[in-house]
1. Per q in 0.24, 0.31 Å⁻¹, report the Debye log10 I(q)/I(0) for the stretch 25-78, using one uniform scatterer on each alpha carbon and no solvent.
2. If you bin the C-alpha pair distances of the chain every 5 Å from 0, what whole percents do you get?
3. How many angstrom lie between the Cα centre of the stretch 125-189 and the Cα centre of the stretch 15-74?
4. Give me the accessible area of residue 153, 1.4 Å probe, in Å² rounded to the nearest 10.
5. Pop the C-beta distance of residue 130 and residue 82 into the FRET formula with R0 = 35 Å and round what comes out to the nearest 0.05.
6. Less than 16 Å apart at the alpha-carbon level, and either on another chain or at least 8 residues along: which aspartates and glutamates does that give for residue 103?
7. Jot down the radius of gyration and Dmax of the stretch 32-132, Cα atoms only, both in angstrom.
8. Farthest toward the dipole's positive end in the chain, which of 53, 28, 73, given Cβ charges of +1 (Lys, Arg) and -1 (Asp, Glu) about the Cα centre?
Amino acid sequence: MPESAYSRAKQPEQVRRALLDHAAAIAMDHGVSGVTVQAVAAAAGVTKGGLFHHFSSKQALIEGLFADLLARVDAEIDGAIEADPRPRGSFTRAYVNAVFTGKAFGFATPWATLSMVAVTDPSLRRLWNDWMKARLKRHRATDSAPELQVVRLAADGAWLSYVTTGQRRMSTDLRAVHDRLIAQTYRRA
């Protein structure tokens, strides 16, 4: 028996999660312009009013999706840092791996579509900048060396190249770039 709106109303976190998951899937398939209130509500099986209960506007939905992806990236990066036996450069290594092969942040994720929008959307750009500043402050003791900043910026450049050329999988050349960037995090200036 399909779940009624009444029973869903008693599970707001599940409804919110469904809205974010469907918005991410739509963004991957159709770009951010495809993320409409009607499309997301229909995909999640809720009314537009149900969507507006969780997100006051399409912009709030996009910001919620972006914040959700940043939280996923945080968890992925934290797990990688915890597993890294070498503290120096551990955030940078985790960041590079997240950019290239991450499940939340890697090349073939909703992040690619949303990140392009962050370049022009002031509120998403602010969310990204706040996230990165907080991460850099948190990892100042292990990742503040200028050469590690160069590695992170190079990873961002590789990501931008990947996204803007419409690639679907990582090439051998791009894998080599990844490996060189990781190797750089082990070197001391």
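The values are calculated or read from the model by the stated rules, or taken from the named source; none is laboratory data. Since the structure is predicted, the reported quantities are computational estimates derived from the model, not experimental observations. Here the Cβ positions follow ideal geometry from the backbone for every residue, glycine too, while neighbour counts run over all protein chains shown. For the accessible areas, the whole protein counts, side chains as well, though only heavy atoms, and no ligand, DNA or RNA atoms are used. Shrake-Rupley method; radii C 1.70, N 1.55, O 1.52, S 1.80 Å.
1. Result of the Debye calculation: -0.94, -1.21.
2. Per 5 Å bin, starting at 0, the Cα pair percentages come out as 1, 8, 15, 18, 17, 14, 10, 8, 5, 3, 1, 0, 0.
3. 27 Å
4. Only protein atoms counted, so the area is about 100 Å².
5. Working: r = 23 Å, r/R0 = 0.66.
The computed FRET efficiency comes out at 0.95.
6. 21, 68, 74, 76, 78
7. Values for the stretch 32-132 (Cα only, Rg and Dmax): 15.6, 50 Å.
8. Most positive-ward Cα: 73.
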